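Asker: A single structure is presented below for examination.
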């Protein structure tokens, strides 16, 4: 079990929530990060965005970095699902967000006001 190709690695995810085509950051949005497989689709993290509309970076398991070094290797990234909620806005659901080892991935989430909700 000391095969470096089988050693899990870590990647990172930051979700940046905004509105007005990305011009206005949204504070206090709820961001749920879920596993990307049917067997593991539960909530791993539930976060809130800061005044800049960003979550803090979250460490997520990924395959070993060495898997990306050979063409016959398995997929060199893991996938996760991201759900974003904020009162007064339509919820967003991102499926199969790729997370690579040793990389900080940024998932933009541009929210649209909910016309049925009084702001």
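Asker: Where does each of 93, 85 land when they are ranked from fewest to most other beta-carbon atoms within 10 angstrom? Provide the component values of the computation, followed by the final result.
Answerer: Working: 93 12, 85 15.
Ordered from fewest to most neighbouring Cβ atoms within 10 Å, 93, 85 come out as 93, 85.
Asker: Residue separation times 0.36 nm, minus the C-alpha to C-alpha distance between residue 39 and residue 116: what's the value?
Answerer: Extending this stretch completely gives an extra 24.2 nm.
Asker: Anyone know which of 20, 38, 61 comes out most mobile in the 10 Å Cα GNM of the chain?
Answerer: 38
Asker: Work out, step by step, the length gained on full extension between residue 27 and residue 93: first 0.36 nm times the residue separation, then minus their alpha carbon distance; give nm to one decimal.
Answerer: That pair, residue 27 and residue 93, stretches by 22.0 nm at full extension.
Asker: Which percent, nearest 5, of DSSP beta bridges in the chain are antiparallel?
Answerer: 80
Asker: With 10 angstrom as the radius, rank 95, 81 by how many other C-beta atoms surround their C-beta, starting from the fewest. Can you show the working numbers first?
Answerer: Numbers: 95 11, 81 18.
By the 10 Å Cβ count, ascending: 95, 81.
Asker: Then there is this: Could you tell me the relative contact order of the chain? Use alpha-carbon pairs under 8 Å, at least six residues apart, and round to a whole percent.
Answerer: 34
Asker: Sticking with this one: From zero outward in steps of 5 Å, how is the percent of C-alpha pairs of the chain spread across the bins?
Answerer: So the P(r) values, bin by bin, are 2, 12, 19, 21, 16, 12, 8, 5, 3, 1, 1, 0.
Asker: Going by C-beta contacts inside 10 Å, put 13, 92 in order with the fewest on the left.
Answerer: Lowest to highest Cβ neighbour count: 92, 13.
Asker: How far apart, in nm, are two points set 7 Å out from the Cα along the Cα-to-Cβ line at residue 20 and at residue 50?
Answerer: In this crude spin-label approximation the distance works out to 2.1 nm.
Only the coordinates and a few stated rules stand behind these numbers; no lab work does. Note that the coordinates shown come from a computational prediction; the quantities given were computed from them, not determined experimentally. Every residue, glycine among them, receives a Cβ derived from its backbone with ideal geometry; neighbour counts consider all protein chains shown.
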